[in-house]
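A.B. asks: Before I ask anything, here is the structure I am working with.
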């Protein structure tokens, strides 16, 4: 069976809308182990980003989605059940990405699984 | 010190107009220069969602066709606002919502009302039919970055009834004085019913689908409910209050990380979507009769 990929993109919003829990390698490893998935984490820092205290500035108007500051969680799994369990666990910790491009880069079936799980529980509604 | 009265009602010398004028009279007695505008005198066309204001930094296509740009720029000339609109079916007159929808323009032309005080007056006819009366006025003022310092529901119905109701006039006068004082002193502390949400002071709270968390739908702050001495209490973490939905830095990040990158998303999706939508183009004639109807 073709490997499934789900990409979850968390952009640097504010303390109310950021994930309620910090995205930690230990938690991702734990979920990966429990579900039989592979989970990687990458931090992207946009080229124009500046941070001064609580003020963040970044020019994203003509940026590619992948180039905007964000934490990118990439899950790969050999079956849908494993991917579903892992994404569901991540949503419980971090809530779902909020935008329509929050799963950009997922395989087609991976994206379907992500958005089906959003209907089930996205942490926003 | 200049204070603008906004009337979101068509009726000449109706209760909304009289209440706002009474408020402005009181503000004038405090030394304010006052003026008034009736939003329903102006066409405000629907936002067409083409996002050219955001993505192309252009003026709205309706800029010279309707009154939105004019009304927004008029507001910018003032230091404080008294916004009056009647409660119709659970909410205020739709002109307020029409105005809100065209505020996408703020994404490229930031509001010049940030930090200025405002108050809301809503006359209404029937108790129990005002559940969302403050919703649209609160949204429009908060989205503009204003500090809402009071809001009043005023139970009044007969034509121009306010003119003969000292209690209604007294409430309006208090609003006008409060806005004038706020402009003069810089004290924008809230004077009205504290409500449930500590930011917007509304009483409409959403119970989230986890059935544990509650949220103010306007401000997006989240907390928990408890029952203390038989009374419902909503508690929101203090650190959330300065990061509510319409706080300037929160809005900046929303625009920067959730709206602007969608330009790239749209461009990349468009070739396939343009082809896929073909079958819907041919199915039924949605716009038949539209020209004749206008």
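A.B. asks: In angstroms, what radius of gyration and Dmax does segment A:1-64 have, counting Cα atoms only?
C.D. replies: Every Cα atom of segment A:1-64 included, Rg and Dmax give 15.3, 48 Å.
A.B. asks: Report the Cα centroid-to-centroid distance between segment B:105-150 and segment B:21-52 in angstrom, as an integer.
C.D. replies: That distance is 12 Å.
A.B. asks: Then there's this: Distance in nm between label sites at residue A:52 and residue B:97, each 7 Å beyond Cα in the beta-carbon direction?
C.D. replies: 4.1 nm
A.B. asks: Next up: Run a plain Debye calculation on segment B:2-193 (Cα atoms as equal point scatterers, no solvent) and give log10 I(q)/I(0) at q = 0.12, 0.15, 0.16, 0.19 Å⁻¹, rounded to two decimals, same order as the q list.
C.D. replies: -0.54, -0.84, -0.95, -1.30
A.B. asks: Here is a follow-up. Nearest-5 percent of antiparallel DSSP beta bridges in the protein assembly as shown?
C.D. replies: 55 percent
A.B. asks: How far, in degrees from 0 to 90, does helix B:166-185 lean away from the longest principal axis of the Cα atoms of chain B, to the nearest 10?
C.D. replies: Tilt of helix B:166-185: around 70 degrees.
A.B. asks: Which of rounded, prolate, oblate describes segment B:140-220, given a ≥ b ≥ c as roots of the alpha-carbon gyration tensor eigenvalues and a/c under 1.5 marking rounded, otherwise prolate only if a/b is larger than b/c?
C.D. replies: Working: a/c = 2.95, a/b = 1.54, b/c = 1.92.
In terms of gyration-tensor shape, oblate.
A.B. asks: While we're here: Could you give me D for segment A:29-88, from Stokes-Einstein at 10 °C and 1.306 mPa s, where the hydrodynamic radius is the Kirkwood radius over C-alpha pairs? Units µm² s⁻¹, please.
C.D. replies: Numbers: Rh = 13.6 Å.
Value of D from the Cα-based Kirkwood radius: 117 µm²/s.
A.B. asks: How would you rank A:50-61, B:176-187, highest first, on the average number of other Cβ atoms within 10 Å across their residues? Walk me through the intermediate numbers first.
C.D. replies: Working: A:50-61: 13.7, B:176-187: 20.2.
Packing order, densest peptide first, comes out as B:176-187, A:50-61.
A.B. asks: Continuing with the same structure: Can you sort B:75, B:25 from fewest to most other Cβ atoms within 10 Å of each residue's own Cβ?
C.D. replies: Details: B:75 20, B:25 16.
Ascending number of Cβ neighbours within 10 Å: B:25, B:75.
A.B. asks: Other chains' Cβ within 10 Å of B:262-269 residues: what's the mean? Let's see the in-between values first.
C.D. replies: Details: counts 5, 5, 11, 7, 2, 2, 4, 3.
For this peptide, the per-residue mean of nearby foreign Cβ atoms is 5.
A.B. asks: In degrees from 0 to 90, rounded to the nearest 10, what is the angle of the helix B:262-276 Cα long axis to the longest principal axis of chain B?
C.D. replies: For B:262-276 against chain B, the angle is about 50 degrees.
A.B. asks: If we sort B:268-280, A:104-116 on the protection proxy, mean other Cβ atoms within 10 Å, highest first, what's the order? Each step should come with its number before you reach the end.
C.D. replies: Details: B:268-280: 9.7, A:104-116: 17.7.
Ranked by mean Cβ neighbours within 10 Å, highest first: A:104-116, B:268-280.
A.B. asks: Between segment B:219-265 and segment A:23-97, how many Å separate their Cα centres?
C.D. replies: 21 Å
A.B. asks: What's the exposure ranking of A:124, B:243, going from fewest to most Cβ atoms within 10 Å? Walk me through the intermediate numbers first.
C.D. replies: Working: A:124 14, B:243 21.
Sorted ascending by nearby Cβ count, the order is A:124, B:243.
A.B. asks: OK, next. Just checking the output field for A:90-103: average partner chain Cβ neighbours within 10 Å of each residue's Cβ?
C.D. replies: Details: counts 0, 0, 1, 0, 0, 0, 0, 1, 3, 6, 5, 8, 2, 0.
That works out to 2 on average.
A.B. asks: Stretch residue B:12-residue B:33 to full length: gain in nm at 0.36 nm per residue minus the Cα-Cα span?
C.D. replies: On the way: separation 21, 0.36 × 21 = 7.56 nm, distance 2.24 nm.
Full extension of this stretch gives 5.3 nm more.
A.B. asks: Just report the Cα centroid separation between segment B:73-87 and segment B:157-201, whole Å.
C.D. replies: The distance from the Cα centre of segment B:73-87 to that of segment B:157-201 comes to 14 Å.
A.B. asks: For chain B, modelled as a GNM with alpha-carbon contacts under 10 angstrom, which of B:140, B:52, B:122 fluctuates the most?
C.D. replies: Highest fluctuation among the options: B:52.
A.B. asks: In whole Å, what are the Cα extents of the protein assembly as shown along the three principal axes, biggest one first?
C.D. replies: Rounded to whole Å, the extents work out to 78, 62, 41 Å.
A.B. asks: Right, here's the next one. How high is the FRET efficiency between residue B:76 and residue A:80 when r is their beta carbon distance and R₀ equals 60 Å, given to the nearest 0.05?
C.D. replies: Working from the Cβ atoms, E equals 0.65.
A.B. asks: What is the ratio of the Cα radius of gyration of segment B:5-105 to 2.2 N^0.38 Å, with N the residue count, to two decimals?
C.D. replies: Working: Rg = 15.0 Å, N = 101, 2.2 N^0.38 = 12.7 Å.
Normalised by 2.2 N^0.38 Å, the Cα Rg of segment B:5-105 equals 1.18.
A.B. asks: Calculate how many DSSP beta bridges within chain B are antiparallel, expressed in % of all such bridges and rounded to the nearest 5. Walk me through the numbers before you get to the answer.
C.D. replies: Details: 12 of 35 bridges.
Taking every DSSP beta bridge with both residues in chain B, the antiparallel ones total about 35 percent.
A.B. asks: To the nearest whole number, what is the average tally of beta carbon atoms from other chains within 10 Å of the beta carbons of peptide A:57-63?
C.D. replies: Numbers: counts 3, 5, 2, 10, 12, 6, 5.
Partner Cβ neighbours, averaged per residue: 6.
A.B. asks: How would segment A:4-120 be classified by its alpha-carbon gyration tensor: rounded, prolate or oblate, with rounded meaning a/c under 1.5 and the a/b versus b/c comparison settling the rest?
C.D. replies: The shape class here is prolate.
A.B. asks: Now for a separate question. Relative to the longest principal axis of the C-alpha atoms of chain A, give the angle of the C-alpha long axis of helix A:80-94, reported between 0 and 90° and rounded to the nearest 10°.
C.D. replies: 40 degrees
A.B. asks: Relative contact order of chain A: what whole-number percent is it, with Cα pairs under 8 angstrom and at least 6 residues apart? Present the calculation step by step, with values, prior to reporting the outcome.
C.D. replies: Numbers: 189 pairs, mean separation 48.8, N = 125.
In percent, rounded to a whole number, it is 39.
Read-outs throughout are calculated quantities, based only on the coordinates presented, and are distinct from any laboratory measurement. Predicted model, so just to flag it, every value in this text is computed and none were measured. Reconstructed Cβ throughout: ideal geometry from the backbone, glycine too, with neighbour counts over all protein chains shown.
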